[in-house]
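Colleague: The structure under discussion is supplied below as structure tokens; questions concerning it will follow.
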Amino acid sequence: MKLQFLGTGAGLPAKFRNTQSFVFNFMQELKECWMFDCGEATQHQILRTNIKPTKITKIFISHLHADHILGLIGFLSSRNFLLDSKESGVTIYGPVGIRQFVKQNLLFTHCSLNFDVKYVEFSSEQCIIDNKTVVVSTYPLNHNIECFGYKIIFKNQKGSLDAEKLKKLGIMPGPFYKNIKEQDSFVYNETTYNSSEFLSEDKPKKEIAIIPDTRYFPQLNEFVKNSDIIISECTYLDEKDAHHARKNYHLSILDIENFITESTVKRLFLTHISARYDVDTEKSVVEKIDKTIKVSIAHDLDEYNL
């Protein structure tokens, strides 16, 4: 599981910060990548990474402000030229209106996609994905237009099979491997084995909270309470600018400190950073936050193992 930031700026692009976007590499867990928001020039940022656009099969849009969606049409159009077939469609999740935005822009730019695009629109808190591996739900935020956060919960998973150990018994890779992993025991050559002997440790549940543009409100504390990882906007890093955050429907570092105090968070990523802050300000912010939490102020193209 990896996380890479493509744009970490607030509102306007800056010399060293593009507009908002980041990508989860879930190839090991789900065989796909997920993009969250797609600001202008996101596809240019991808060219500077190892991300393959064809592997991005889900795009989650938080809200319809320009700095979060203006790169979407360009990304879809370019992805069009990288596919040999319709086998790799895209599902776009977002507030009501994202379907119209994409369809109208594709129409006016005479862009015909050779892959399927599905839309999941919402206007309230709801579960939008639920399968044997992961659950994703939306969460209404308090921005100056309708805006949603997301919570991703990876369910408890059995560990990986030790293929080499199984081969030593004479069991070669094949459909039987699936039976071994799904059952508590199995029989081979008239001998019963415990499946746990051939599995690594179970992978515990992992909860990721994503907080795009919002003003602080008390319910955020509950939203992030059980999160292992939080990715949050923090437009105003200096506590002296907290009044600007309230006025402009964004978060300040004081708001971040407020809602992490009651949470179980282990990794905290701050993005959507105003261009007014320098490296010294960033360092002072990291030093002040609870030392039990690993804090990263994201920069464009930063990549992290989760």
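Colleague: Per residue Cα convex hull volume for region 190-268, in cubic angstrom? Walk me through the intermediate numbers first.
Modeller: On the way: hull volume 8.1 nm³, N = 79.
In region 190-268, the Cα hull volume divided by residue count equals 103 Å³.
Colleague: On C-alpha positions alone, give me the angle between the axis of helix 98-108 and the longest principal axis of the chain, in degrees, nearest 10.
Modeller: Helix 98-108 and the main axis of the chain meet at about 80 degrees.
Colleague: Around Ile293, under 13 Å between beta carbons, what's the net of Lys plus Arg minus Asp minus Glu among the other residues? Present the calculation step by step, with values, prior to reporting the outcome.
Modeller: Working: positive: Lys266, Arg267, Lys288, Lys291, Lys294; negative: Asp228, Glu257, Glu262, Glu287, Asp290.
Here the count lands on 0.
Colleague: Filter Lys181/Lys206; Lys103/Lys247; Lys151/Lys247; Lys52/Lys103; Lys55/Lys206; Lys52/Lys288 down to the pairs with a C-alpha to C-alpha distance above 32 Å, please. Walk me through the numbers on the way to the answer.
Modeller: Values: Lys181/Lys206 21 Å; Lys103/Lys247 34 Å; Lys151/Lys247 26 Å; Lys52/Lys103 24 Å; Lys55/Lys206 22 Å; Lys52/Lys288 37 Å.
Going by Cα-Cα distance, Lys103/Lys247; Lys52/Lys288 fall outside the 32 Å limit.
Colleague: Now a separate question. Output the Kirkwood hydrodynamic radius of region 28-70, Cα pairs only, in Å rounded to one decimal. The partial results should precede the final answer.
Modeller: Values: mean 1/r = 0.0893 Å⁻¹.
About 11.2 Å, per the Kirkwood formula over Cα pairs.
Colleague: I'd like the accessible area for Leu107: 1.4 Å probe, protein heavy atoms, all chains in place, Å² to the nearest 10.
Modeller: Counting only protein heavy atoms, the figure is 110 Å².
Colleague: With a 1.4 Å probe and all protein chains kept in place, how much accessible area does Thr54 have, in Å² rounded to the nearest 10?
Modeller: Its heavy atoms expose roughly 30 Å² to the probe.
Colleague: Taking the Cβ of Glu262 as the centre, find all other residues whose Cβ is under 12 Å away and add up their charges (Lys, Arg: +1; Asp, Glu: -1). Let's see the in-between values first.
Modeller: Details: positive: Lys225; negative: Glu222, Glu257, Asp290.
Taking every other residue near Glu262 into account, the sum is -2.
Colleague: Continuing with this model, one more query. Give me, ordered by chain and number, the residues 5 or more places off Leu70 or on other chains with an amide H under 5 Å from its own placed amide H.
Modeller: Under 5 Å from the amide H of Leu70 lie the amide H atoms of Glu40, each far enough along the sequence or on another chain.
Colleague: Moving on. If I take all pairs of Cα atoms in the chain, what percentage of them are more than 37 Å from each other?
Modeller: More than 37 Å apart: 23 percent of the Cα pairs in the chain.
Colleague: Using a 1.4 angstrom probe, figure out how much accessible area the chain has per residue, in square angstrom, rounded to the nearest whole. Could the numbers behind the result be given before it?
Modeller: Working: 15380 Å² over 306 residues.
Solvent-accessible surface per residue comes out at 50 Å².
Colleague: Could you work out how much longer the chain between Ala275 and Lys158 gets when fully extended? Use 0.36 nm per residue separation minus the Cα distance between them, nm to one decimal.
Modeller: 37.7 nm
Colleague: For the chain, what is the calculated [θ] at 222 nm in deg cm²/dmol (nearest 500), taking -39500 (n - 2.57) for each run of four or more DSSP H residues and dividing by its residue count?
Modeller: Working: 11 runs with 78 residues, N = 306.
Result for the chain, helices only: -6500 deg cm²/dmol.
Colleague: Report the antiparallel proportion of the DSSP beta bridges in the chain as a percent, rounded to a multiple of 5. Numbers along the way, then the final one.
Modeller: On the way: 34 of 62 bridges.
Of those bridges, close to 55 percent are antiparallel.
Colleague: Residue by residue through region 58-75, which ³J(HN,Hα) values in whole Hz follow from phi under the Karplus form 6.51 cos²θ - 1.76 cosθ + 1.60 (θ = phi - 60°), with glycine and proline marked x?
Modeller: So the Karplus estimates, Gly and Pro as x, are 9, 10, 10, 9, 7, 6, 9, 6, 4, 6, 10, 9, 5, x, 5, 5, x, 5 Hz.
Colleague: If I model a spin label as a point 7 Å beyond the Cα along the Cα-Cβ vector, how far apart are those points for Gln28 and Leu254 in nm?
Modeller: 4.0
Colleague: Could you compute the net charge surrounding Pro95? Neighbours are other residues with a C-beta less than 9 Å from the C-beta of Pro95; K and R count +1, D and E count -1.
Modeller: Working: positive: none; negative: Glu121, Glu146.
Here the count lands on -2.
Colleague: Name the long-range amide H neighbours of Tyr119: under 5 Å, sequence gap of 5 or more, or other chain; modelled H, no Pro or chain starts.
Modeller: Under 5 Å from the amide H of Tyr119: Ile92.
The values are calculated or read from the model by the stated rules, or taken from the named source; none is laboratory data. The shown structure was predicted, so the numbers you read here are calculated from the model rather than taken from an experiment. Using ideal geometry, Cβ is built from the backbone for each residue, glycine included, and neighbour counts are taken over all protein chains shown. These area figures cover heavy atoms from the full protein model, side chains too; ligands, DNA and RNA do not enter into them. Shrake-Rupley method; radii C 1.70, N 1.55, O 1.52, S 1.80 Å.
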